[in-house]
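Visitor: First the structure, then my questions, so here it is.
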């Protein structure tokens with residue numbers, strides 16, 4: 001399966017899952033569709049930079065920390081401070097805040113990868129999703145805040161920018 005076909009499959013699965021309102025049903029449908037459509041291929045979730053995410057077992061993935069990523073810049077807010085200010089309540093919101101931070105504070109204009117997201121989760125001391133690729137794809141389909149068609153170039157769209165800039169932190 002080519003990378004583009006895989007991305008289309010994942011997007012299709014995300015759209016199908018989002019037809020259901022119950023999260024419990026969404027999870028069951030997602031699991032069923034992933035198993036039937038994708039597990040047949042051993043190179044599941046391989047993208048252009050496949051060396052960044054290595055399949056280690058059925059239970060989890062291995063990601064790499066990007067050592068030269070500075071989440072504590074001298075002249076700007078640290079990622080921890082930015083997260084504390086925006087107060088994301090779940091991983092979907094955390095993904096948007098992290099991508100926003102990488103793009104707008106650290107000025108990454110392209111090339112944000114799963115390893116960037118992994119490194120950010122390590123920095124903020126949050127529990128890391130066991131499969132970041134699937135979690136990002138699912139969140140992208142649900143919320144529409146970021147683009148995940150190319151996992152070697154994850155980006156925030158206008159809806160995501162507006163969400164981070166204007167909707168976070170949520171009012172009580």
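Visitor: So, by mean Cβ neighbours within 10 angstrom, what's the order for 6-15, 94-103, 20-29 with the highest one leading?
Guide: 94-103, 6-15, 20-29
Visitor: If I take R0 = 22 Å and measure r between the Cβ atoms of residue 27 and residue 149 in this structure, what FRET efficiency does the formula 1/(1 + (r/R0)^6) give, to the nearest 0.05?
Guide: 0.40
Laboratory data are not the source of any read-out in this text; all were calculated from the coordinates shown. What you are looking at is a predicted structure, and each value in this text was computed from that prediction instead of being measured. Every residue, glycine as well, gets a Cβ built from its backbone with ideal geometry; the counts of neighbours run over all protein chains shown.
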